[in-house]
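Notes to accompany the following structure.
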Amino acid sequence: MAAATTTESTRIATTQRWHWPWGARTRVTVTNKVSGWRQLKVHCKSGNDDLHVHVLNPGEGYRFKFWPNVQGTTLFYCYFNWGEGLRQFDIYDFDRDSKRCKTWCPWDVKETGPCLSNGEFTSCYQWKK
């Protein structure tokens, strides 16, 4: 009897892993659009993950994927540096982005701030102070 319960629990856990009941996996892409042919250093984190530093040449992008949490509080923030000081921005905020970009959030990073543009709209933001 105990073996059947364990098997059933394992099967349910495996099913939930592949069929996330709270929405689809989200992809965030960060593309270097800084002028002057400069490299962009990107360091993204969440409360649970440190995605480490990535160096992007002009026009290059960096992508990461995640499952938004059940509570609807998923937040990834990034630090950006292209030789003119450190800038910060919340690159994925569930409240702001879950309905706007849904499963794909493509960001172009410029000196003036990041711009979210998915083909249907473009929204540019200022750097976080």
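Run the count for the stretch 24-124, please: Lys pairs, Cα-Cα under 19 angstrom, 8 or more apart or on different chains.
The number of close lysine pairs in the stretch 24-124 is 7.
Just grab the label-to-label distance for D93 and Y77, each label 7 Å out from Cα along the Cβ direction, in nm (one decimal).
Label at D93, label at Y77, 1.1 nm between them.
Between R25 and E84, what's the calculated FRET efficiency when r is the beta-carbon distance and R0 is 30 Å? Round to 0.05. Numbers along the way, then the final one.
Values: r = 34 Å, r/R0 = 1.13.
So, using R0 = 30 Å, E works out to roughly 0.30.
Calculate, in nm to one decimal, what R100 and K41 gain on full extension: separation in residues at 0.36 nm each, minus their alpha carbon distance.
Once the chain is fully extended between R100 and K41, it gains 18.6 nm.
Every number in this text was worked out from the coordinates using simple rules, so none of it is lab data. What you are looking at is a predicted structure, and each value in this text was computed from that prediction instead of being measured. Glycine gets a Cβ as well: all are built from the backbone with ideal geometry, and neighbour counts include every protein chain shown.
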